[in-house]
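Shown next, in structure tokens, is the structure this report addresses.
The values are calculated or read from the model by the stated rules, or taken from the named source; none is laboratory data. The structure presented is a predicted model; accordingly, all values stated were derived computationally and were not measured.
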Amino acid sequence: MAFEWGNNHPQEAQAMGKAGSKFIEETLTIQNVYDYMFHLLNEYSKLLKFKPTIPSKAHRVCAESAACLQKGLWKDLMVQSMVKSPSHKLPCALPPPYEPQAIQASLDTKYKITRQVETRETEYWKKTKP
């Protein structure tokens, strides 16, 4: 049904695609990805019950040394995505956990919508079959 709508409304479908691409280009920057990973790992580290240590035979590898072995576009992408310093932005704020009643209400709504879609699909296919 979504394909049918897209085929019948090509300009709207194209506008939706362009808006989605624009959102990703503006929001999903490598810096935002690194910020998210940094804060995620920081929060996760609070759950650890042991103190991580650096193995005695470990060697420090810096981003520049990894990038200098590459050539062309691959090297350009590695240099562009290097983290120069830790982020000063606060981590994402997560909403408080949902109450069991709210979760059940959401699941009920999802179930009803799924049933409606299935019913409409069945009706559609019955009408289109010879």
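For every residue, the table says whether it meets (1) at pLDDT below 80; (2) in the same structural domain as Asn42 (by TED's automatic domain parsing); (3) among the basic types (Lys, Arg).
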residue	(1), (2), (3)
Ala67	yes, no, no
Lys71	no, no, yes
Asp76	no, no, no
Pro86	yes, no, no
Gln104	no, no, no
Leu107	no, no, no
Thr114	no, no, no
Glu118	no, no, no
Lys129	yes, no, yes
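The set of residues in segment 95-128 being more than 27 Å from Glu4 (Cα to Cα) and not polar (S, T, N, Q) consists of Pro95, Pro96, Pro97, Tyr98, Glu99, Pro100, Ala102, Ile103, Ala105, Leu107, Asp108.
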